[in-house]
Amino acid sequence: MQREHLVWLPQIAKAILLLLCASIVAALDTAVVFRLPSVLASVNLPLIATLAATLFMGSTNGVVLAFVLGVLCDVMLANALGARSIPLVVLAAVVGLMEARFSREHPLTWAVLGALGSVIHDILYFCVLAFSGYLPLIWADLIRIAGFGALINGVLSVVCLMPLYLWWRSGDHRPATGLG
């Protein structure tokens, strides 16, 4: 009878770790990055964390982290609920579905995913904000911010994902099949 309860222990530990990581990334993003000047505020830590989770922990974990991280960021910034979680979940799902089309072990892939993911995230984020009536900038400024964000997040993806890749590569942390 006790052994049946121990089966859930690894899943509970993974959920707690996922929630802890999401809380730390959301706190850093909302307390530090979001308060930087507009050029540097293009850094998207939740995007990079979502890419890392999806690539190295599996698409299910990536989608769950993206949702939790997005909701935490929305609550911390008093955004419309879903403004950050919808773009992050879509990104995690797209990366999970397209896994067979690219090499998750190549830094160029991380740069491209960081840049394209940043553009997709920003477009969806701006659309959600516009739909909810919270969009404070004009579209020309948003395009400039999204373009610079793509560049900075592409480079930052390589820098941040390299140590995670080395950790993932060093042990048996890989998903059994595909990303799922």
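Annotations for the structure displayed:
- Once the Cα atoms are used to define both axes, helix 59-77 deviates from the longest principal axis of the chain by about 40 degrees.
- Other residues lying with their Cβ under 12 Å from the Cβ of VAL68 contribute a combined charge of 0, Lys and Arg counting +1, Asp and Glu -1.
- Placing +1 on the Cβ of every Lys and Arg and -1 on the Cβ of every Asp and Glu, with nothing else charged, gives segment 52-170 a dipole about its Cα centre of roughly 160 debye.
- Anisotropy class of segment 79-156 from Cα gyration tensor, a/c 1.5 cut: oblate
- Over the chain: helical MRE at 222 nm, DSSP H runs n ≥ 4 each giving -39500 (n - 2.57), nearest 500: -25000 deg cm²/dmol
- Label zone at GLU105 (point 7 Å along Cα-to-Cβ), backbone N below 20 Å, segment 58-85: 58-59
- Placing dummy labels 7 Å off each Cα toward the beta-carbon, the span from VAL90 to LEU116 is 1.5 nm.
- Calculated FRET efficiency for the pair ILE12/LEU166, C-beta based, R₀ 22 Å, to 0.05: 0.20
- Potential extension, TYR134-LEU20 segment - 0.36 nm per residue separation minus Cα distance: 38.2 nm
- Relative packing of 57-67, 21-31, which averages over residues the other C-beta atoms within 10 Å, highest first: 57-67, 21-31
- Between PHE34 and ALA78, full extension at 0.36 nm per residue minus the direct alpha carbon distance yields a gain of 14.6 nm.
Values quoted throughout were computed directly from the atomic coordinates according to the rules given, and no laboratory measurement underlies them. In this text the structure is predicted, and so the values were computed from the model without any measurement. A quick note on method: Cβ atoms are made from the backbone with ideal geometry, for glycine too, and the neighbour counts reach across all protein chains shown.
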